[in-house]
Amino acid sequence: MKRYDLRPLKDKFYDRMLELMKTDIKDEENAIFIFEIGDFSHIQKSSDMIYDAGYTLMNSIKFNEVDWTLVVKKIKPETKVIEVSDDEAKKEI
């Protein structure tokens with residue numbers, strides 16, 4: 001588990017957060033990000049970005065009056081295998 005203080009970036013922390021998840025966090029490892037709450041839109045936007053990038057948001061809590069923390073787990077996207085019979089496969093061709 002690694003902790004990252006993104007507060008110095010103010011409201012421009014999104015790209016850095018995703019970059020750290022991609023390059024610095026190993027598969028199945030957790031990251032803790034702390035950032036400024038601002039107008040609360042950062043909370044929803046960061047949660048959406050984490051989800052869209054394929055990571056799991058484990059926790060999202062208010063740290064103090066001005067800061068918020070996210071705990072994010074890096075997981076591999078699930079691979080879906082669809083089994084079809086030979087007859088079904090021939091129909092699609």
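The values are calculated or read from the model by the stated rules, or taken from the named source; none is laboratory data. Computed from a prediction, not measured in an experiment: that's the story for all the values here. Positions of Cβ are backbone-derived with ideal geometry, glycine not excepted, and every protein chain shown enters the neighbour counts.
Quick rundown of the values:
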{"read-out": "Residues of the stretch 14-50 classified as at pLDDT below 95, closer than 20 Å to M1 by Cα, surrounded by fewer than 12 Cβ atoms within 10 Å (Cβ to Cβ) and hydroxyl-bearing (S, T, Y), total", "value": "0"}
{"read-out": "Selected residue (criterion: surrounded by the fewest Cβ atoms within 10 Å (Cβ to Cβ)) from residues of the stretch 53-83 that are modelled with pLDDT of 85 or more and among the charged types (D, E, K, R)", "value": "E65"}
{"read-out": "Residues (more than 12 Å from L70 (Cβ to Cβ) and among the polar types (S, T, N, Q)) located in the stretch 9-41", "value": "T23, S41"}
